[in-house]
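*Asks:* One structure follows; several queries about it will come next.
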Amino acid sequence: MAPWTSADIPDQTGRTYVVTGANSGLGLVTARELVAHGARVVLACRNTDKGEQAAAEITRGGVGGTTTVEELDLSDLGSVRRFAGRVGPVDVLVNNAGLMAIPEQRTADGFEMQFGTNVLGHFALTGLLLDRITDRVVTMSSVMHRFGSIRLDDLNWERRRYQRWLAYGQSKLADLMFAYELEYRLVAAGSSLRSMAAHPGYSATNLQSRTESFQDALMGLGNRFFAQGPEMGALPELYAATVPDLPGGVYVGPDGWGETSGHPIPVGSTAASHDREVQRALFAACEELTGVTVPVSAGVR
């Protein structure tokens, strides 16, 4: 079969998507392709000025779909709740936004910034929107999930010395485990909703310029000489979000060497990501930390 590309996206007319972090990088490409195929896309952005610029770029020249810009700061659960209160019915939620290997920081609610944003913000958003989602939830993970481990007794790096890459790996493993556990619960509840995950391989985005260290320069060189562009990096999440008959629980990544580049296909993940006991415990911990109970029996049947 020919490799899957954005040209294979079915007509999305009449469908509504929420894409977090849609003002740049993979989120911008994802939103642009969805709109080009007729979707209505809510660009959920921390900076709405940048979101409006992205929306203008997406719709310049005329496209089939439409855009709406809404403020969403995933590092602030209050902002997540306000955003959820403004959103109507949604076909697909794409949990795309994220932070990578940043210096130690805390969210507005006191969580370690990478775990708080990448995991807890999206967990709360999913839970608050789930009764309005009609099709699926797509959550972005990373090849770095392979280097992550879940410390249930210290998810927020309060008892150990902060290590930025290990914190990132934990957050991406947690995102993947959340996607798997959500699918288990949806199936058990008899819901027709689906939960799947994706990762972009090694893709050049602005994430690699935010470590505030010498690593920015090194990763800049890597982006220039080794990474694939965001147009290719966005294909796995577009595949996960739009292929009509894709089953829940699938993890999508590039088909190239080491899953660093290439066209999207279903891929495997580590044994740790499939640990059912940890999946359940992590899900419960996220509910406790966010104060959001995910209504797994909800959704269109």
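*Asks:* Have a look at V94, V278, V138 and tell me which one the Gaussian network model of the chain (Cα, springs below 10 Å) gives the largest fluctuation.
*Replies:* V278
*Asks:* Amide H neighbours of V90 under 5 Å, at least 5 residues apart or on other chains, H built in the peptide plane: list them.
*Replies:* The answer is I133, T134.
*Asks:* With r defined as the distance between the Cβ atoms of T48 and Q163 and R0 fixed at 45 Å, what FRET efficiency is calculated, to the nearest 0.05? Could you put the intermediate results ahead of the total?
*Replies:* Details: r = 33 Å, r/R0 = 0.74.
With R0 = 45 Å, the Cβ-Cβ based efficiency is 0.85.
*Asks:* In vacuo Debye scattering of region 1-93, one point per C-alpha: log10 I(q)/I(0) at q = 0.22 Å⁻¹?
*Replies:* Calculated log10 I(q)/I(0) at the listed q: -1.06.
*Asks:* DSSP beta bridges in the chain, what fraction antiparallel, as a percent rounded to 5?
*Replies:* Values: 4 of 31 bridges.
Percent antiparallel among DSSP bridges in the chain is about 15.
*Asks:* How many percent of the accessible area of the chain is carbon or sulfur, using a 1.4 Å probe?
*Replies:* 53
*Asks:* How big is the accessible area of I133 in square angstrom, nearest 10, if you roll a 1.4 angstrom probe over the protein chains?
*Replies:* Accessible surface of I133 is approximately 0 Å².
*Asks:* What distance in nm separates the simple spin-label points at A188 and R86, each placed 7 Å from Cα in the Cβ direction?
*Replies:* For A188 paired with R86, the spin-label model returns 3.5 nm.
*Asks:* Roughly how many nanometres apart are two label points built 7 Å out from the Cα toward the Cβ at R106 and E70?
*Replies:* The answer from the label model is 3.0 nm.
*Asks:* Considering only DSSP states other than H, G, I, E and B, which trypsin sites (Lys or Arg not before Pro) in region 27-119 qualify as loop sites with at most 16 other Cβ atoms within 10 Å?
*Replies:* Hits after loop and neighbour filter: R60.
*Asks:* Let me ask something else. Which of these, T59, T117, T20, has the largest mean-square fluctuation under a Gaussian network model of the chain (Cα springs below 10 Å)?
*Replies:* Among T59, T117, T20, the largest GNM mean-square fluctuation belongs to T59.
*Asks:* For region 233-268 and region 26-100, what is the centre-to-centre distance using only Cα atoms, to the nearest Å?
*Replies:* Their Cα centres are 21 Å away from one another.
*Asks:* Could you give me D for the chain, from Stokes-Einstein at 37 °C and 0.692 mPa s, where the hydrodynamic radius is the Kirkwood radius over C-alpha pairs? Units µm² s⁻¹, please. Please report the intermediate quantities before stating the final value.
*Replies:* Numbers: Rh = 18.9 Å.
Translational diffusion coefficient: 174 µm²/s.
*Asks:* Could I ask something else about it? So which GluC sites (Glu not before Pro) in region 106-184 are both in a DSSP loop and have at most 13 other Cβ atoms within 10 Å of their Cβ?
*Replies:* E158
*Asks:* Which value, in Å³ per residue, describes the convex hull spanned by the Cα atoms of region 114-179?
*Replies:* 78
The values are calculated or read from the model by the stated rules, or taken from the named source; none is laboratory data. This one's a predicted model, so the numbers in the text were calculated from it and none came from an experiment. Don't worry about glycine lacking a Cβ; one is built from the backbone with ideal geometry, like all the others, and counts go over all protein chains shown. All accessible areas refer to the heavy atoms of the entire protein, side chains included, with ligands and DNA or RNA removed. Shrake-Rupley method; radii C 1.70, N 1.55, O 1.52, S 1.80 Å.
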